[in-house]
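Student: First the structure, then my questions, so here it is.
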Amino acid sequence: MVFNGLIAYPVTPFHGNGDINFPALASLVSSLASSGVDAIAVLGSSGSFAYLSAAERSQVASTAVDAAQESGVPVVVGISSVGTREVLDAARDAERAGASGVVLSPVSYVPLNNDEVATQTAAVCEVTSLPICLYNNPGTTQFHYDLELVAELLDLPNVQAFKDTATDVVSFRQRYDRLRSLTSQPFSHGLSGDLLIASGDIAADAWHTGPAALLPRAYTEFRAAVVSGDGARIAESRKLLLPVVQAVLRLRKLSGLHSLAKACGIDAGDPRLPVLPVPGSEQRDLARLIDALEVTGRL
């Protein structure tokens, strides 16, 4: 299944004038494809999808697919947009680009209801044969997926995965078990939420994460430890990664990820305006945390 394992969400690199740095994007995706991650997801929140034009999003998708093609690592594409017409256009573009799947969250200026989300999801199924991962991101969309709705949507032909989050470890585990009881369909129930992932307490079927695109070696080792239940390795990885995740979130995630890229020596530039880069003092603090990872050989 496309949406299993460690799914890394890279930033979209920008030049100083705000244009997309497509060579840097290709380099980042190519490097990720040989890093051990199980899939690469472009045009997520980490990839600044909301600040890109339709033409830019289409070119990001095709650039990423081409960059990963020789590796065989699947590239999935975020297709979320405020309007369903734009969502459908993005789904068609993703399929034309050769993507292996799409990720859909119920983005809207006015929060959607269950019927509207169901109608939009069914419409996407009609225009693409690609596997679809539903994304529960209530902090951004103001829509929280009821598990009964997810179970209903899993009966649609290409809905194959659910990228989910929760307020804490216990709540996620309860949602995970409950959804399994509501459907007999095979699907991936993945975890989103960098603090929950950094806890090392949840393996789920997948981890969906932006920092993993910048620290793939550290995250592949961390996930392997969690999946195998190796307590000592989990504790060691958590000790190194949790302060990095906390620092990125403290800076605001998108600004923080671009700052993390800089600390890792990745040419991603600053986020596109109106999002501002982090102050220099915060950048130095993050660089010190990355130095600790480098010492251990996990960078």
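The values are calculated or read from the model by the stated rules, or taken from the named source; none is laboratory data. This one's a predicted model, so the numbers in the text were calculated from it and none came from an experiment. Backbone-built Cβ (ideal geometry, glycine too); neighbour counts: all protein chains shown. Side chains are part of the model used for accessible areas, which takes the heavy atoms of the whole protein and leaves out ligands, DNA and RNA. Shrake-Rupley method; radii C 1.70, N 1.55, O 1.52, S 1.80 Å.
Student: If you build a Gaussian network model of the chain, linking Cα atoms that sit under 10 Å apart, which residue out of SER228, SER45, SER81 swings the most?
Tutor: SER228
Student: Something else now. Counting DSSP beta bridges in the chain, what percent are antiparallel, to the nearest 5?
Tutor: The antiparallel proportion sits near 5 percent.
Student: Taking only the alpha carbons of segment 243-299, what extent do you get along each of the three principal axes, in Å, biggest first?
Tutor: Cα extents, longest axis first: 36, 22, 16 Å.
Student: Something else about it: What is the distance in Å between the Cα centres of segment 208-239 and segment 242-264?
Tutor: 17 Å
Student: Note down the magnitude of the dipole of segment 21-114 about its Cα centre, charges +1 on Lys and Arg C-beta and -1 on Asp and Glu C-beta and zero elsewhere, to the nearest 20 debye. Can you show the working numbers first?
Tutor: Values: 4 positive and 8 negative charges, 35 e Å.
Value, rounded to 20: 180 debye.
Student: Roughly how far apart, in whole Å, are the Cα centres of segment 65-108 and segment 157-193?
Tutor: Going from one Cα centre to the other spans 21 Å.
Student: Can you give the FRET efficiency to the nearest 0.05 for THR119 and ARG180, using r as the Cβ-Cβ distance and R₀ = 22 Å?
Tutor: It comes to 0.30.
Student: Where does the charge balance sit around SER30 when Lys and Arg score +1, Asp and Glu -1, over other residues with C-beta under 15 Å from its C-beta?
Tutor: -3
Student: Average projected area of the Cα convex hull of segment 6-91, in nm²?
Tutor: Mean projected area of the Cα convex hull: 5.3 nm².
Student: For the chain, which whole percent of the accessible surface, found with a 1.4 angstrom probe, sits on carbon and sulfur atoms?
Tutor: Of all accessible area on the chain, carbon and sulfur atoms account for 50 percent.
Student: Among 147-159, 249-261, what's the highest-first ranking by average C-beta atoms within 10 angstrom per residue? Before the final figure, lay out the partial values.
Tutor: Numbers: 147-159: 17.4, 249-261: 21.2.
So the order, starting with the most tightly packed, is 249-261, 147-159.
Student: Let me ask something else about it. What is the log10 of I(q)/I(0) for segment 172-299, computed with the Debye formula using one identical point scatterer on each Cα and no solvent, at q = 0.10, 0.12 Å⁻¹?
Tutor: -0.36, -0.50
Student: Which of SER81, ALA263, ALA24 sits closest to the plus end of the dipole of the chain, meaning its Cα is farthest towards the positive end, when Lys and Arg get +1 and Asp and Glu get -1 on the C-beta?
Tutor: ALA263
Student: Taking only Cα atoms of the chain, what ratio of Rg to Rh do you get with Rh as the Kirkwood inverse-distance radius?
Tutor: So for the chain, dividing Rg by the Kirkwood Rh gives 0.94.
Student: Another question, if that's okay. Might you tell me the accessible area per residue for the chain, computed with a 1.4 Å probe and given in Å²?
Tutor: 42 Å²
Student: Convex hull over the alpha-carbon atoms of segment 90-206: what's its volume per residue in Å³?
Tutor: Numbers: hull volume 12.5 nm³, N = 117.
Roughly 106 Å³ of hull volume per residue.
Student: Turning to a different aspect of this structure: If you add up the charges near HIS15, with Lys and Arg at +1 and Asp and Glu at -1, over every other residue whose beta carbon is less than 12 angstrom from its beta carbon, what do you get?
Tutor: Residues close to HIS15 contribute a combined charge of -2.
Student: Here's another thing I want to ask about it. Considering only ILE197, SER171, ALA94, whose Cα is most displaced toward the positive end of the charge dipole of segment 89-230, charges sitting on Cβ of Lys, Arg (+1) and Asp, Glu (-1)?
Tutor: Of the options given, the answer is ILE197.
Student: About the Cα centre, and with charges only on the beta carbon of Lys, Arg (+1) and Asp, Glu (-1), how big is the dipole of segment 145-299? Nearest 20 debye, please. Kindly include the intermediate steps, with their values, before the conclusion.
Tutor: Numbers: 18 positive and 19 negative charges, 81 e Å.
Value, rounded to 20: 400 debye.
Student: Less than 9 Å Cβ to Cβ from TYR176, Lys/Arg counted +1 and Asp/Glu -1: what total charge do the surrounding residues give? Present the calculation step by step, with values, prior to reporting the outcome.
Tutor: Numbers: positive: ARG173, ARG175, ARG178, ARG180; negative: ASP164, ASP177, ASP205.
For residues surrounding TYR176, the net value is +1.
Student: Among GLY78, GLY229, GLY193, which one shows the highest mean-square fluctuation when the chain is modelled as a Gaussian network with alpha-carbon springs under 10 Å?
Tutor: It is GLY229.
Student: Among PRO211, PRO23, PRO131, which one shows the highest mean-square fluctuation when the chain is modelled as a Gaussian network with alpha-carbon springs under 10 Å?
Tutor: Comparing PRO211, PRO23, PRO131 in a Gaussian network model of the chain, the most mobile one is PRO23.
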